[in-house]
Amino acid sequence: MEPFRTLRARAVPLRAENVDTDQIIPAQYLTAVTREGMGQGLFSGWRYHPDGTPNPDFVLNQPQYAGAEILIAGRNFGTGSSREHAVWALLQYGFRAVIAPSFADIFFNNALKNGLLPVRLPEEAVQMLWDLVEEEPDTPIRIDLERQIVTLPDGQELGFPIDPFRKMCLLQGMDDLGYLLSKEPEIAAYEARSPW
Amino acid sequence: MGKTLFEKVWDAHVVAQDPGAPAVLYIDAHLIHEVTSPQAFALLRERGLKVRRPDRTFATMDHAIPTRDLDIALWPQDAARQVETLRRNCRDFGITLFDIQGDVQGIVHVVGPEMGITQPGMTIVCGDSHTSTHGAFGALAFGIGTSEVAHVLATQCLLQRKPKTFAINVEGELGFGVTAKDIILAIIARNGAAGGVGYVFEYRGSAIRSLSMANRMTICNMSIEGGARAGLIAPDEKTFQWLQGRPYAPQGPDWERAVAYWRTLHSDPDAVFDREMTLDAGELEPMVTYGTNPGQGIPISGRIPYPEELEDPGERRSLLAALEYMGLKPGQKMEGQRVDIVFLGSCTNSRIEDLREAAKIVRGRKVADHVQALVVPGSKAVKRQAEEEGLDRIFVEAGFEWRGAGCSMCLAMNEDKAPAGKYVASTSNRNFRGRQGPGARSLLMSPIMAAAAAVEGRVVDVRELMREPLAV
């Protein structure tokens, strides 16, 4: 996993609540046996018309947002299916962070385990960011994980919460597996006393 | 202070807890399937790791497989490759696989309980969000991503922060024609699709205790639709009776010991929940969803809300976007809405009890001319049982297709896809846009409501059909 420290990037406003993982990556892309090829499926039901041509109305297809690395979405982002493919798709498309008022639990965990930073900001802040990047799509937004702060071009700072353990893992690019493997003696001791 | 059921199960599984770190939680049973496991096995191979407890890992195939009777040589290439990959992974790592060529295969959340793998007090995970189903037995069961699948394969453990607890009390008696599906759809309609984020539900109260195990599974199954990763019901005599004699259930003296422990698995009278809500079962009606998240549901006598009735701008935006997609209007009743396809199946409602109830409605009647209707049993065992009871004949004579076991049109990964614009009366759990096929419109409801919709070709109040004398 790539470490996440700071990010200065442009952002895409996705004005929608309860964006489920079936929208982020439709089931047809789940037939893969590797992690590759998910980026092209990202939001494919919204990015493309049924005949396969791009839908110019969808925000990701608008040229002013090309190359953005931050997605700004409504509450309960990533609800639904546990498919980690949703996180892989966002990363492979080029996103490094998602800002939303709240996230679904499984998506949130999956994001942290892949170095995609889920940033929780209050509803009003998300609303303000939507307005800002719609008016000025070139606005760079800075995310500082160490300080847990989102900084706007005018210097305004918005703090966000994150679990200290998860923060450390992200800063160091460390995944859970090494940590869990280091607990082998405790796991063996637990199994020896477990009734199962 | 006493403990909640969740806390008892959680505390019994904490292997280690470093200061500031999440708990290392032991997993008793790990269920895997063809779609969310290949990348996890790839990671194990990359790192040269073994499966720590192949004896606690169980695999089946359900998500991508065709449910028509089809030789694997004729399958879509992608599905065949996923199934072959799962077979190879299970062979290489020594994992029990309930293969489609055997007689146990089915939807992972139907097969686990059926085999007695699911037991009270266990921790159970699977790379599937509907793992919450197993909570019906008093197990702490939740869905995980593929990275976590790899963690459990390698260490039998997960790093987890302790969630908060949410008691959902359902008191009183369900009315005529009102089912477990209506309870859970009503709970989610009240709390919203995100109402349970960060919580584990415990369903309690007289209405819950009176439900069968199949009905309890329907309720726990949709905990995730209410935002909670897990939902539990305290085990009782019904639970023990249901489990006794199943292949993986404890036997002999082990059974007695297990039951003695299971009897301690309930929330203590003085236990405190972080949140609580109470619902009167007697006030519920059959429910139908109108929108694109499972919280957008109404009673059959109700009307779709007007945007101006909703205070929250986000909710208004959600409602308008949903209605545009669904081709429905504010203030409209769902009763009378045309239905094109009826899907009876999914880990929510594909058990023998569900099929029996639906068959009672269908018996002696015909599927409406313009409707395509399919029954997809949850497992081969459910299918066999239904055929022994003659339910297949009732469905087929009425005009339903009678399929093999799998997830099928619940998520439209296989060839069972509803066409764009069509309305699907579905017993499944998700009405997301395109969930049942690109552009398809899902109306979630109970098995008897879906059966009634098949016969009438539109959404009806099933209670009216139940009052009519049978045509035979």
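Data for the structure
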item	result
Hits in region B:431-467 (condition: assigned to a strand (DSSP E or B), more than 13 Å from every other protein chain (Cβ to nearest Cβ) and open to solvent by less than 30 Å² (accessible area, probe 1.4 Å))	B:443, B:444
Candidates A:62, A:40, A:28 - the one that is more than 9 Å from chain B (Cβ to nearest Cβ) and over 19 Å from the mean Cα position of the chain (by Cα)	A:62
Scan of region B:319-335 for residues that are of a type in the set (A, V, I, L, M, F, W, C) and open to solvent by 50 Å² or more (accessible area, probe 1.4 Å), ordered by number	B:320
Unique residue being open to solvent by less than 40 Å² (accessible area, probe 1.4 Å), within 25 Å of residue B:55 (Cβ to Cβ) and more than 14 Å from every other protein chain (Cβ to nearest Cβ) when the list is B:247, B:286, B:235	B:235
Residue ID - least open to solvent (accessible area, probe 1.4 Å), chosen from residues in region A:114-138 that are outside any helix (DSSP H, G or I) and more than 20 Å from residue A:93 (Cα to Cα)	A:121
Residue match in region A:66-76 (condition: touching a Ser or Thr at 6+ places or on another chain (Cβ under 6 Å) and either on the phi > 0 side of the Ramachandran plot or in contact (Cβ under 8 Å) with a residue 12 or more places away in the chain (or both))	yes
Condition check for residue B:256: assigned to a helix (DSSP H, G or I), within 14 Å of chain A (Cβ to nearest Cβ) and in contact with a Ser or Thr (Cβ under 9 Å, 6 or more places away or on another chain)	no
Selection count, region B:80-126, where residues are within 14 Å of another protein chain (Cβ to nearest Cβ), in contact with a strand residue (DSSP E or B) (Cβ under 7 Å, 6 or more places away or on another chain) and either among the basic types (Lys, Arg) or under 17 Å from residue B:64 (Cα atoms) (or both)	4
Verdict on residue B:52 being surrounded by fewer than 24 Cβ atoms within 10 Å (Cβ to Cβ), in a helix (DSSP H, G or I) and not hydroxyl-bearing (Ser, Thr, Tyr)	no
Residue satisfying condition, being open to solvent by 20 Å² or more (accessible area, probe 1.4 Å), in a helix (DSSP H, G or I) and at pLDDT below 95, within set A:28, A:64	A:28
Checklist (1) more than 9 Å from chain A (Cβ to nearest Cβ); (2) open to solvent by less than 10 Å² (accessible area, probe 1.4 Å); (3) under 22 Å from residue A:185 (Cα atoms); (4) of a type in the set (A, V, I, L, M, F, W, C) applied to residue B:61, failing item	(3)
Qualifying position, being at the interface with chain B (Cβ under 10 Å from one of its Cβ atoms) and either in contact with a helix residue (DSSP H, G or I) (Cβ under 8 Å, 6 or more places away or on another chain) or β-branched (Val, Ile, Thr) (or both), among A:106, A:149	A:106
Unmet criterion (only one of (1) assigned to a loop (DSSP other than H, G, I, E, B); (2) open to solvent by less than 10 Å² (accessible area, probe 1.4 Å); (3) among the hydrophobic types (A, V, I, L, M, F, W, C)) for residue B:219	(1)
Residue among A:128, A:174, A:168 that alone is within 14 Å of another protein chain (Cβ to nearest Cβ) and within 29 Å of residue B:312 (Cβ to Cβ)	A:128
Close pairs (6 angstrom Cβ cut-off, 6 or more residues apart or separate chains): closer than 15 Å to residue B:248 by Cα in region B:54-73, open to solvent by 40 Å² or more (accessible area, probe 1.4 Å) anywhere	B:54/B:94; B:58/B:96; B:59/B:97
Residues located in region B:196-215, provided they are in a strand (DSSP E or B), away from every other protein chain (no Cβ under 14 Å) and either at pLDDT below 95 or open to solvent by less than 30 Å² (accessible area, probe 1.4 Å) (or both)	B:202, B:203
Test result for residue B:273, over 23 Å from the mean Cα position of the chain (by Cα) and either under 25 Å from residue B:184 (Cβ atoms) or surrounded by 21 or more Cβ atoms within 10 Å (Cβ to Cβ) (or both)	yes
Yes/no for residue A:83 being over 30 Å from residue B:223 (Cα atoms) and either free of Cβ contacts under 8 Å to residues at least 60 places away in the same chain or assigned to a loop (DSSP other than H, G, I, E, B) (or both)	no
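The values are calculated or read from the model by the stated rules, or taken from the named source; none is laboratory data. The model shown is predicted, which means the values in this text are computed figures rather than measured ones. We place every Cβ from the backbone using ideal geometry, glycine too, and count neighbours over all the protein chains shown. SASA here: full protein model, heavy atoms, side chains in, ligands and nucleic acids out. Shrake-Rupley method; radii C 1.70, N 1.55, O 1.52, S 1.80 Å.
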